[in-house]
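All remarks here apply to the structure that follows.
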Amino acid sequence: MSTTKTARTFLGLNTGFSILCSLTLLLLPDFFSELMFHVPANWVPLGLQILAGGLLLFALSLIFLVANPYVSRGEVMLIVAMDFIWIAASAAFVVFGYDWLTVSGIAIIEFVAVFVGIFAVGQFLGARRIQPPLSKASVTTGEGVITASVRRTVSASPQTVWKVMTDHPGYADVAENLTKVEVLSGEGKGMLRRCYGSKGESWTETCSAFEDGKSYGFNVHTDAPDYPYPIKDLKGYWSVTPFEHGAEFAIDITAKPKGNFLSRALFMTIARLKFKAVLIDLADAWSDRMEREAKA
């Protein structure tokens, strides 16, 4: 279960406030120049717009953190540090630029700093509650390929883990994107199974490697007419190894997206976030079942 809700709530508030401030400065640079400075120099409106652009980029980076249910404590604390740097810079600007600023200008700077401080404190308290997931996932991209992996140790024997891993119909109970999995033919290497998505779409997968009690792999037939994902090549590899007081299982996936350069780049950006969360949730659900069966 994710422990990032509080942190992501304040990150979301920070995102919205940053976007609001950015758009306000972008649309009304001359108004705020005259409102905040006694005699604004010609470069001040442009300076405010540059500041607004920086805020917008900051907000866009926050969106990815808000959307990540497994955002790390370190990622949140980095934003906290940036918020406190903003507060310190605001204080310094008021102190050293006091003669240039109007009363309204000082009030606006302090108003923004107070809200940033609230977000920083909320994010800090939220970060303290974050516990790293027991399932360790990673996602990397390079040369047009996405590589995603997850590993999890469980208090269950390798035999129990293998039994759960090879329960193909039961795979749909732990994979959120599947409603049903059925074995069409064969067993071991060459086995053919069909997977069904949440909207009734389906595709087949062929077992490409199999070592009894240790590992297996599947090639996904992404050329199915109703295959729901923009992926042209997808392979998965599942394995189990003995571990102290139990076992460790792993899932390794490689994927090549479809489309032109822009669509591939966009998909890979989203996939870096989405794949990690999906794999952690899958591994968590799988480990729960493995440990229940070990106790039965």
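All of the numbers you see were taken from the coordinates with simple rules; none came from a lab. Small disclaimer: the values here were computed from a predicted structure and weren't measured. We place every Cβ from the backbone using ideal geometry, glycine too, and count neighbours over all the protein chains shown.
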**Request:** For ARG292 and TYR237, compute 0.36 nm times the residue count separating them, minus their Cα-Cα distance, and round to one decimal in nm.
**Result:** 17.4 nm
**Asked** Looking at (i) 51; (ii) 63; (iii) 46, which value of percent of Cα pairs over 24 Å apart comes from a calculation on the structure shown?
**Response** (ii)
**Message:** Let's see if you can work this out: charge +1 on each Lys and Arg Cβ, -1 on each Asp and Glu Cβ, no other charges. What is the dipole magnitude of the chain about its Cα centre, in debye to the nearest 20?
**Reply:** 400 debye
**Request:** Please identify every one of the trypsin sites (Lys or Arg not before Pro) in segment 164-205 that sits in a loop by DSSP and has no more than 16 other beta carbons within 10 Å of its own beta carbon.
**Result:** LYS189, LYS199
**Item:** Within straight-line cross-link reach of LYS258, aspartates and glutamates at Cα separation under 15 Å, skipping those fewer than 8 residues along the same chain
**Value:** GLU143, ASP223, ASP226, ASP233
**Using a Förster distance of 35 Å, the FRET efficiency for MET82-VAL145 (Cβ separation, nearest 0.05)** = 0.60
**Spatial separation of Cα centroids for segment 129-205 and segment 232-267, in angstrom** = 10 Å
**Request:** Specify which residue in the list PRO158, PRO228, GLY197 is farthest towards the positive end of the charge dipole of segment 136-295, using unit charges on the beta carbon of Lys, Arg (+1) and Asp, Glu (-1), about the Cα centre.
**Result:** PRO228
**Message:** Using a 7 Å offset from the Cα along the Cα-to-Cβ direction at both ALA89 and THR269, what is the distance between the two label points in nm, to one decimal?
**Reply:** 2.3 nm
**Prompt:** At a Förster distance of 22 Å, what's the computed FRET efficiency of ARG129 paired with GLU176, Cβ-Cβ distance as r, to 0.05?
**Reply:** 0.35
**Complete:** The residues TYR98, TYR237, sorted from fewest to most surrounding Cβ atoms within 10 Å, come out as TYR98, TYR237
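When the helices in the chain are scored as -39500 (n - 2.57) per DSSP H run of 4 or longer and the sum is shared across all residues, what 222 nm value do you end up with, to the nearest 500 deg cm²/dmol?
-17000 deg cm²/dmol
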**Request:** Report the label-to-label distance for ALA209 and LEU60 in nanometres (one decimal), using points 7 Å from each Cα along the Cα→Cβ vector.
**Result:** 3.9 nm
**Residue-by-residue Karplus 3J(HN,Hα) for segment 153-167, coefficients 6.51, -1.76, 1.60, Hz, glycine and proline x** = 8, 9, 8, 8, 5, x, 5, 5, 4, 4, 4, 5, 5, 9, 7
**Net charge of neighbours whose Cβ lies under 9 Å from the Cβ of GLU182, counting Lys and Arg as +1 and Asp and Glu as -1** = +3
**Item:** Sites GLU201 and LEU20, calculated FRET efficiency, Cβ-Cβ separation with R0 30 Å, nearest 0.05
**Value:** 0.15
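State to the nearest 20 debye the size of the charge dipole of segment 136-295 about its Cα centre, where the only charges are +1 on K and R beta carbons and -1 on D and E beta carbons. Intermediate results must be reported in sequence, preceding the final value.
Values: 21 positive and 21 negative charges, 87 e Å.
Rounded to the nearest 20 debye, it is 420 debye.
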**Asked** Across the chain, where is the longest run that never hits GluC sites (Glu not before Pro) in a DSSP loop with at most 15 other C-beta atoms within 10 Å?
**Response** 1-142
**Kirkwood Rh in Å, taken over all unlike Cα pairs in segment 5-128** = 15.1 Å
**Fill in**
Phi angles of segment 227-243, converted by Karplus (6.51 cos²θ - 1.76 cosθ + 1.60, θ = phi - 60°) into ³J(HN,Hα) in whole Hz with x for Gly and Pro, give 4, x, 10, x, 10, 9, 8, 9, 10, x, 9, 10, 8, 9, 9, x, 9
**Complete:** Fewest-first ordering of TYR229, TYR216 by Cβ atoms within 10 Å yields TYR229, TYR216
**Message:** Give me, ordered by chain and number, the residues 5 or more places off PHE37 or on other chains with an amide H under 5 Å from its own placed amide H.
**Reply:** THR102
**Request:** Under 14 Å from a label point 7 Å along Cα→Cβ of SER185: give me every residue in segment 197-217 with its amide N that close.
**Result:** 204-207
**Request:** Compare the Cα positions of LEU60, SER22, THR6 along the charge dipole of segment 5-128 (+1 at Cβ of Lys, Arg; -1 at Cβ of Asp, Glu; about the Cα centre) and return the one farthest towards the positive end.
**Result:** THR6
**Asked** Within segment 55-139, which trypsin sites (Lys or Arg not before Pro) sit in a loop by DSSP and count at most 16 neighbouring Cβ atoms inside 10 Å?
**Response** ARG129
